[in-house]
1. Which residues, counting only those in the range 43-57, are free of Cβ contacts under 8 Å to residues at least 12 places away in the same chain and under 19 Å from residue 6 (Cα atoms)?
2. Any idea which of 75, 39 is in contact (Cβ under 8 Å) with a residue 12 or more places away in the chain and within 11 Å of the chain's Cα centre (by Cα)?
3. Give the number of residues within the range 38-55 that are outside any helix (DSSP H, G or I) and either at pLDDT below 95 or surrounded by 14 or more Cβ atoms within 10 Å (Cβ to Cβ) (or both).
4. Can you pull out every residue in the range 8-29 that is surrounded by fewer than 13 Cβ atoms within 10 Å (Cβ to Cβ) and in contact (Cβ under 8 Å) with a residue 12 or more places away in the chain?
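The values are calculated or read from the model by the stated rules, or taken from the named source; none is laboratory data. As the structure is a computational prediction, the values presented were derived from the model and not from experiment. Neighbour counts run over all protein chains shown; Cβ positions are idealised from the backbone, glycine included.
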């Protein structure tokens, strides 16, 4: 994982609920990206489980997570 994405993920995990929501809002994530990040970070779902629940392949989920982390990293 790229260092900036790793930092973005850690920022989300370490933030309070209010800070988390502010980061998500400020990053202007798409509704799908927001849903995936919420499942991954807040509910601690695996990529495989998210892919199954959204009826898509794991690579799509990985790409959406990467795009979301990139948006959050540049705030």
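1. 43, 44, 45, 46
2. Of 75, 39, the one residue that is in contact (Cβ under 8 Å) with a residue 12 or more places away in the chain and within 11 Å of the chain's Cα centre (by Cα) is 39.
3. So the answer is 1.
4. Scanning the range 8-29 gives 13, 26, 28.
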